[in-house]
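The values are calculated or read from the model by the stated rules, or taken from the named source; none is laboratory data. For clarity, every value in this text was computed on a predicted model and none was experimentally measured. With ideal geometry, Cβ positions are generated from the backbone for all residues, glycine too; neighbour counts draw on all protein chains shown.
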Amino acid sequence: MPSLKGAYLKRSIFAAALTLALGVSQAWAQPTDILNVSYDVSRELFEAVNAKFIPSYKASAGVDVTVNQSHAGSSKQAGLVLEGLAADVVTFNQVTDIETLAGKQFVATDWQSKYPNSASPFYSLPAFLVREGNPKGIVSWADLAKDGVGIVIPNPKTSGNGRYTYLAARAWAQEEFAGDEAKIEDYLKKVFANVKVFDTGGRQATTTFVENKIGDVLITFETEVLGTVKAVGDDQYDAVTPPVSLLAEFPVAVVDKVVDERGTRPIAEAYLNYLYTPEGQDIIGSFYNRVNDAAAVEKYKAQFPEVRLIKVEDAFGGWAKVKAEHFAEGGLLDKVLPNL
Amino acid sequence: MQTNPADASRAGSPTRPGRAGWGLIALTYVSSALILAMPLVLIVTMAFRNGLDAYLANILAPDTLHAIFLTVLTAIVVVPINIVFGVCAAWLVTRYDFPGKRLLITIIEIPFSISPIVAGVIYLFLYGGQGLLGPVLADNGIKIMFTVWAIFLVSLFVTSPFVARELIPLMQQQGGEDEEAALSLGANGFQIFWNVTLPNIKWALLYGALLCNARVIGEFGAVSVVSGAIRGQTNTLPLQIELLFNDFNVSGAFAAASTLAALAVLTIVLKAALERVGATGRR
């Protein structure tokens with residue numbers, strides 16, 4: 001049997017170790033780094049935003065912060081946050097992906113009212129990237145269903161980007177065929193039969209189209225289309241903005257569960273607010289995203305062709321309905337996807 | 001069991017190849033060039049296509065440097081653990097008889113036959129926030145998924161059979177007579193292991209550790225599931241290569257790939273050297 005003194009010694013060592021461990025985790029509880037978990041094609045955008053946000057926050061709050069980034073398909077990222085990827089903020093490309101987090105109490109249910117424009121600091125739309133000279137003559141949604149058109153899109157199952165493509169094509173078809181469901185489905189089946197590759201994220205789809213030279217048209221956000229033309233040169237690719245497309249809002253939210261645990265709420269909130277400042281909007285616009293700040297709108301209006309944008313609310317009755325009717329297992333999307 | 005090239009050449013006297021033989025030899029060279037040599041050459045040329053300065057700048061980019069660091073750190077953590085595990089497992093199954101021994105050998109080999117991506121998903125289901133143990137661990141402030149710990153864990157899982165696989169056949173073949181002799185002369189357990197067992201298995205052990213190391217460094221599938229891809233935090237070198245490629249930073253991707261290729265070549269050279277030394281050492 002251990003002596004009383006021995007037991008006391010053991011206990012005090014244990015207590016000391018515990019204090020140390022707690023002390024360390026206490027030190028971690030006041031971190032100056034935040035993680036922005038985002039969709040796939042926003043890599044360069046947030047790199048640029050972070051580079052400007054850090055000195056701005058230093059100037060206003062006097063703290064040096066680090067902003068870490070993680071990028072993949074928006075819906076996949078939402079799943080990873082639920083699995084424990086410690087996102088202080090999420091910047092997704094789809095309302096439903098943040099709703100997923102709100103449903104599990106990671107994000108406040110009234111998250112859309114916490115920032116202007118339903119918490120979407122910028123927006124874009126599905127557009128087309130085609131090979132130089134547009135040899136297949138793809139200018140509108142109708143052309144995607146033609147025989148012999150090879151399409152590359154991210155997978156609508158894992159990527160918000162891919163879902164917008166599906167919804168935009170359907171929104172166009174609903175108008176074109178005056179709501180005739182049989183004709184709409186027939187059109188969508190033809191479009192998806194033309195898809196050569198379903199990548200998991202938007203950027204992988206771009207790589208498939210640009211580096212692997214697969215397909216005749218890449219359908220992705222206008223920001224990615226114009227950004228790619230700039231990155232790889234307009235002697236190889238043409239950007240096509242169809243006359244009608246779908247409004248793609250990019251919603252943001254503070255992940256309450258994570259920031260409350262880590263004590264990073266002030267930084268996270270400042271970060272999202274920064275996206276709405278004239279400086280933030282200017283950066284966002286320079287990456288070919290459409291913005292709402294008047295000065296930035298004026299500055300970048302030349303780069304955006306005229307387009308009529310259909311809203312999800314008007315065409316489909318809101319995101320909750322979209323999720324239940326179209327994207328649920330066995331929903332309308334599954335009916336038009338080829339059997340993979 | 002591995003056969004030693006030196007033994008093979010001693011076994012039969014070589015004859016000059018006939019016409020069919022030359023054809024096969026030519027085929028071997030052409031396919032090796034296409035499958036092995038050209039990709040390696042391509043990696044190096046692409047990595048250096050913008051000159052040495054650009055290459056160094058790519059390697060020294062903070063995120064790539066961190067990926068190299070994390071990859072090496074993972075190897076430093078995982079390989080020693082797997083050496084200890086492999087020796088223990090091999091010792092157990094070759095020196096003792098117990099019920100369920102065959103089952104144990106099969107279990108040890110499971111990571112070989114499971115696709116790494118499945119391994120990653122299993123860990124996600126186990127330790128993820130919606131997984132079996134994840135919520136309990138999270139309540140106690142322990143976070144595994146999307147941290148380096150998850151990367152260590154899946155790497156451990158994927159590479160756990162390597163050392164044991166090398167040792168078990170050898171130790172079976174050697175039998176336990178040496179150890180029994182040592183025991184009868186009054187050696188204790190540690191003395192037996194250190195002075196008798198270890199010298200007998202050291203080459204196979206090193207070989208297994210080397211293979212394990214190569215696999216840890218190159219692992220992609222399992223790590224990609226549990227990493228969370230946080231830039232400059234949880235990207236190992238193979239993940240960083242994919243990330244750079246998708247960032248349209250092709251020369252950066254190839255520069256990172258060249259460091260991975262260099263590590264692989266180093267492994268091959270060490271392996272060849274070990275086989276040589278091992279062959280003379282055994283005699």
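Per-structure values
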item	result
In segment A:93-117, residue nearest to the other protein chains (Cβ to nearest Cβ) [restricted to those that are among the hydrophobic types (A, V, I, L, M, F, W, C) and under 22 Å from A:PRO266 (Cβ atoms)]	A:PHE106
Hey, A:ALA178 surrounded by fewer than 20 Cβ atoms within 10 Å (Cβ to Cβ) and without any contact (Cβ under 8 Å) to a residue 60 or more places away in the chain or not	yes
A:THR158, sole failed condition from (1) farther than 18 Å from B:PHE248 by Cβ; (2) in a helix (DSSP H, G or I); (3) within 14 Å of another protein chain (Cβ to nearest Cβ); (4) of a type in the set (Ser, Thr, Tyr)	(2)
Number of the exception - B:PRO62 against (1) within 30 Å of B:TRP203 (Cβ to Cβ); (2) loosely packed, with under 11 Cβ neighbours inside 10 Å; (3) not acidic (Asp, Glu)	(1)
Number of the exception - A:ALA294 against (1) small (Gly, Ala, Ser); (2) loosely packed, with under 11 Cβ neighbours inside 10 Å; (3) under 30 Å from A:THR109 (Cβ atoms)	(3)
Helices (runs of 4 or more DSSP H) lying entirely in segment B:111-206 (those with 1 or more residues that are more than 14 Å from chain A (Cβ to nearest Cβ))	B:116-127, B:148-159, B:161-174, B:177-184
Positions within segment A:40-64 being buried (at least 19 other Cβ atoms within 10 Å of the Cβ), more than 15 Å from A:ASN273 (Cα to Cα) and among the hydrophobic types (A, V, I, L, M, F, W, C), in sequence order	A:VAL41, A:LEU45
Selection within segment A:214-255 - more than 21 Å from the chain's Cα centre (by Cα) and within 14 Å of another protein chain (Cβ to nearest Cβ)	A:VAL232, A:GLY233, A:GLN236, A:TYR237
Cβ-Cβ under 9 Å pairs, at least 6 apart or on other chains, segment A:279-290 side hydroxyl-bearing (Ser, Thr, Tyr), far side assigned to a loop (DSSP other than H, G, I, E, B)	A:TYR288/A:PHE304
Meets criteria (over 25 Å from A:ILE34 (Cα atoms) and outside any helix (DSSP H, G or I)) for B:PHE248	yes
Qualifying residue in segment A:232-242 (condition: crowded, with 17+ Cβ neighbours inside 10 Å and under 20 Å from A:ASP40 (Cβ atoms))	yes
Subset of segment A:45-72 (residues that are without any contact (Cβ under 8 Å) to a residue 24 or more places away in the chain and in a loop (DSSP other than H, G, I, E, B))	A:GLY62
Matching residues, segment A:98-137, being among the small types (Gly, Ala, Ser) and in a helix (DSSP H, G or I)	A:ALA102, A:GLY103, A:SER113, A:SER118, A:ALA119
Single residue of A:PHE192, A:PHE177, A:PHE198 found to be among the aromatic types (Phe, Trp, Tyr), within 25 Å of the chain's Cα centre (by Cα) and at pLDDT 95 or above	A:PHE192
Among the candidates B:ILE68, B:ILE25, B:ILE43, B:ILE59, residue that is modelled with pLDDT of 90 or more, among the aliphatic types (A, V, I, L, M), touching a Ser or Thr at 6+ places or on another chain (Cβ under 9 Å) and not assigned by TED's automatic domain parsing to the domain that holds B:LEU198	B:ILE43
B:GLN172 being free of Cβ contacts under 8 Å to residues at least 24 places away in the same chain, more than 18 Å from A:SER70 (Cβ to Cβ) and in contact with a helix residue (DSSP H, G or I) (Cβ under 8 Å, 6 or more places away or on another chain)	no
Single residue of segment B:226-257 satisfying the filter (over 24 Å from A:ALA231 (Cα atoms) and buried (at least 22 other Cβ atoms within 10 Å of the Cβ)) that is nearest to the other protein chains (Cβ to nearest Cβ)	B:GLY228
Complete set of residues in segment B:68-106 that are of a type in the set (Val, Ile, Thr) and farther than 20 Å from B:PHE152 by Cα	B:VAL93, B:THR94, B:ILE105, B:THR106
Sole residue being touching a residue at least 60 places away in the same chain (Cβ under 8 Å) and out of contact with any strand residue (DSSP E or B) (no Cβ under 8 Å at 6 or more places or on another chain), chosen from A:PRO126, A:PRO121, A:PRO135	A:PRO135
Subset of segment B:189-206 that is aliphatic (A, V, I, L, M), over 18 Å from the mean Cα position of the chain (by Cα) and surrounded by 15 or more Cβ atoms within 10 Å (Cβ to Cβ) - its residue that is nearest to B:ASN82 (Cα to Cα)	B:ILE201
Some residue of segment A:130-150 being within 14 Å of chain B (Cβ to nearest Cβ) and in contact with an Asp or Glu (Cβ under 9 Å, 6 or more places away or on another chain)	no
